[in-house]
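Derivation of every value follows stated rules applied to the coordinates shown; laboratory data play no part. Note that the structure is predicted; figures quoted are calculated from it, not measured. So basically every Cβ, Gly included, is an ideal-geometry build from the backbone, and we count neighbours across all protein chains shown.
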Amino acid sequence: MYCGECAGVCPRSLIEVRENSLKFDKKNCKECTICIQVCPVQALAKEE
Amino acid sequence: MLIETDVLVIGAGPAGSSTAKHAALNGADVIVIDKKSEIGAPKRCAEGVSKEGLKKLKIEPSTRWVTRELSGVRLIAPNGTGVWLNEEKVKLPEAGYILERKVFDKHMAMDAARAGAKIMVKTLAKGIRREGDYLFATLETMGEEFEVKAKIVVGADGPESRMGRFLGLKTTLKPKNMESCAQFEMVNVKMEDPDSIEFYFGSVAPGGYAWIFPKGDDIANVGLGILTTETDKSAYDHLLEFVKNNPSTQNAQPVELNIGGDPVGGMLKELVTDNFMLVGDAASQVNPLTGGGIIAAMEAGVYAGEVAAAAVKDGDYSAKKLSKYQERCEENIGVKFKRDLKVKDYLQSLSDEELNSIADAFQDIELDTINTAELIKQLIKVSPKALLKLGKLF
């Protein structure tokens, strides 16, 4: 289910798509939220 | 642990396997890796390929991976009016076969292995660095990290590819160039013609289209691609709505959900750098109009494999040497994509009403006599505004 669309649009290349998980480099994320917008199944959300 | 090879291919989809096969056939020592435990699964596409494309690649269709042979296309306007295009009446370059990708992708990887490539499954590429005349890729398999020293690395790792970016290529896609796709494989689908694929246009799939691709019996891939810049809803929400409202899927049940990004902005401008090439979805080698990428990816794989093997023979892995791959891709794939990108922009500019009126006009045309002049005549009749938009694109 990890299709990788989020990684394809991440302007800072911070998302690693593994077979059964996604690995985010949170430290360098600028919270542009493009990854959240493109997810086909709304699987991503901004951390509170 | 350090492994040395001539060519490392990252990703064993159709592009990667084609690259690996042709590099190996031309004498290179090749390793191809895939992060998944099972090559080809889960599928990320509607599984359609053209007969013409397979023929060009000299791949014989096999009953092991062809689920349905198609003879027609049905284009459906927002008001439900259908335009039937039949292979007997109109030359349909995209008409062809519906594959079982889980089987097809494995068979293409097997072809690469038979040609001499070494395949490593469940192996993830985590990073890449340049040292002297070589690239060193950091890989991980079953929790263990190791490095591969390669003369050439080929990134065939899909739209989420990061290897090219790590080496300075601009591969990040803007949301307007990435279709967000969701698809069910469904049973109990009742199609009007199970030998035709169906495309639905308009607000049913903002910025893209919906499809029903028959896979034999009452089974079909039912899906859609949208641009998230054109709608507030997710692709999955649009898919649920489409399934709920489409007459063919009233009693259908899903047996599989597929999601994925489809890079539809045209081929990337830069496909190579020193020691490195991009192929397939990682290079946006996807037809911008249809969203189909299997044939283009495999064709690019042939060029990448041949160029990589020649570079290894000559001991020259520079961007200049590898640019022959870029030239062949631009000449044989890029030119068509540029034209289709214009047609896509035109289609996306049409309102539901304009699409309806065009589909209505087609009901009066004898399709065996259709030509450009006839098409323009009909467009003038039904929608001068639509024709004006078309004119602006060329």
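Counting only residues 5 or more places away or on other chains, whose amide H sits under 5 Å from the amide H of B:ILE3 once H atoms are built in the peptide plane?
Excluding prolines and chain starts, which carry no amide H, the hits are B:GLU147, B:VAL148, B:LYS149.
Counting only DSSP beta bridges with both residues in segment B:1-127, tell me the antiparallel percent, nearest 5. Walk me through the numbers on the way to the answer.
Numbers: 11 of 18 bridges.
Roughly 60 percent of the DSSP beta bridges within segment B:1-127 come out antiparallel.
Distance in nm between label sites at B:ASP218 and B:VAL121, each 7 Å beyond Cα in the beta-carbon direction?
It is 3.3 nm.
With each run of n ≥ 4 DSSP H residues scored as -39500 (n - 2.57), what mean residue ellipticity at 222 nm is computed for chain B after dividing by its residue count and rounding to the nearest 500 deg cm²/dmol?
On the way: 11 runs with 127 residues, N = 394.
Result for chain B, helices only: -10000 deg cm²/dmol.
Only Lys, Arg, Asp and Glu count, each charged at its Cβ (+1, +1, -1, -1), so figure out the dipole size of the protein assembly as shown about its Cα centre, rounded to 20 debye. Present the calculation step by step, with values, prior to reporting the outcome.
Numbers: 57 positive and 64 negative charges, 222 e Å.
In total the dipole reaches around 1060 debye.
Suppose only helical runs count, i.e. DSSP H with n ≥ 4. What mean residue ellipticity at 222 nm does that imply for chain A under -39500 (n - 2.57) per run, divided by all residues and rounded to the nearest 500 deg cm²/dmol?
Numbers: 2 runs with 10 residues, N = 48.
Per the formula, -4000 deg cm²/dmol.
How long are the semi-axes of the equivalent ellipsoid of chain B, taking √(5λ) for every eigenvalue λ of the Cα gyration tensor, in whole Å from largest down? Write out the running numbers ahead of the final one.
On the way: eigenvalues 294, 99, 73 Å².
In descending order the semi-axes read 38, 22, 19 Å.
So in chain B, what percent of DSSP beta bridges are antiparallel if you round to the nearest 5?
Working: 54 of 77 bridges.
Within chain B, antiparallel bridges account for around 70 percent of the total.
Could you give the radius of gyration (one decimal) and Dmax (whole number) of the Cα atoms in segment B:40-186, in Å?
Here Rg and the maximum Cα pair distance are 20.0, 62 Å.
Got a sec? How would A:LYS46, B:LYS21, B:LYS176, B:LYS215 order by Cβ neighbour count within 10 Å, fewest to most? Don't skip to the answer; put the middle values down first.
Working: A:LYS46 8, B:LYS21 27, B:LYS176 14, B:LYS215 21.
In order of increasing Cβ crowding within 10 Å: A:LYS46, B:LYS176, B:LYS215, B:LYS21.
In whole Hz, what ³J(HN,Hα) sequence does segment B:352-363 give by Karplus (6.51, -1.76, 1.60; θ = phi - 60°), x for Gly and Pro?
My calculation for segment B:352-363 gives 4, 5, 5, 5, 4, 5, 5, 4, 4, 5, 5, 4 Hz in order.
Most exposed first by the Cβ proxy, i.e. fewest other Cβ within 10 Å, how do B:LYS58, B:LYS36 rank? Could the numbers behind the result be given before it?
On the way: B:LYS58 7, B:LYS36 19.
Starting with the residue having the fewest Cβ neighbours, the order is B:LYS58, B:LYS36.
Fewest Cβ neighbours within 10 Å first, please rank A:SER21, B:SER71 accordingly.
Working: A:SER21 8, B:SER71 14.
If I rank by nearby Cβ atoms, fewest first, I get A:SER21, B:SER71.
Over the Cα atoms of segment B:163-204, how large are the radius of gyration and the largest Cα-Cα distance (Dmax), in Å?
Spelled out, the Cα radius of gyration and Dmax of segment B:163-204 are 17.9, 50 Å.
Can you tell me the length gained on complete extension of the stretch B:SER203 to B:GLU144, counting 0.36 nm per residue apart and subtracting the Cα distance? Display every interim value, and only then the final one.
Numbers: separation 59, 0.36 × 59 = 21.24 nm, distance 4.78 nm.
Length difference between fully extended and current span is 16.5 nm.
Provide the convex hull volume over Cα atoms per residue for the protein assembly as shown, in Å³. Don't skip to the answer; put the middle values down first.
Values: hull volume 63.5 nm³, N = 442.
Looking at the protein assembly as shown, the number lands at 144 Å³ per residue.
Tabulate in residue order the Karplus-calculated ³J(HN,Hα) for segment A:11-18, using 6.51 cos²θ - 1.76 cosθ + 1.60 with θ = phi - 60°, rounded to whole Hz; enter x for Gly and Pro.
x, 10, 6, 9, 10, 9, 8, 9
Less than 15 Å from a label point 7 Å out along the Cα-to-Cβ axis of B:ASP274: which backbone N atoms in segment B:144-176 qualify, by residue?
In segment B:144-176, the label zone of B:ASP274 (backbone N under 15 Å from the point 7 Å along Cα→Cβ) covers B:150-153, B:167-169.
Can you run phi through the Karplus equation (6.51, -1.76, 1.60; θ = phi - 60°) for segment B:257-271 and list ³J(HN,Hα) in whole Hz, with x for Gly and Pro?
After applying 6.51 cos²θ - 1.76 cosθ + 1.60, I find 10, 10, 9, x, x, 10, x, 10, x, x, 4, 4, 6, 10, 10 Hz.
Only Lys, Arg, Asp and Glu count, each charged at its Cβ (+1, +1, -1, -1), so figure out the dipole size of chain A about its Cα centre, rounded to 20 debye. Don't jump to the answer; show the numbers that get you there.
Working: 7 positive and 7 negative charges, 32 e Å.
In total the dipole reaches around 160 debye.
If you take all C-alpha pairs in segment B:194-352, what percent of them are over 19 Å apart?
Working: 7728 of 12561 pairs.
Across segment B:194-352, Cα pairs with separations above 19 Å total 62 percent.
Which cross-chain or sequence-distant (5 or more) residues have an amide H under 5 Å from the amide H of A:ARG18, H modelled 1.01 Å from N in plane?
A:LYS23
Pop a pseudo-label 7 angstrom from the Cα along the beta-carbon direction at both B:LYS176 and B:VAL335 and give the gap in nm to one decimal.
2.8
Counting only residues 5 or more places away or on other chains, whose amide H sits under 5 Å from the amide H of B:VAL153 once H atoms are built in the peptide plane?
Under 5 Å from the amide H of B:VAL153: B:LEU8, B:PHE276, B:MET277.
Could you work out how far apart the two model spin labels at B:LEU57 and B:ALA319 are, taking each label as a point 7 Å from the Cα in the direction of the beta carbon, and quote it in nm?
Label-label distance for B:LEU57 and B:ALA319, simple model: 2.9 nm.
What fraction of the DSSP beta bridges in the protein assembly as shown is antiparallel, stated in percent and rounded to the nearest 5? The partial results should precede the final answer.
On the way: 57 of 80 bridges.
Among the beta bridges of the protein assembly as shown, antiparallel pairing accounts for roughly 70 percent.
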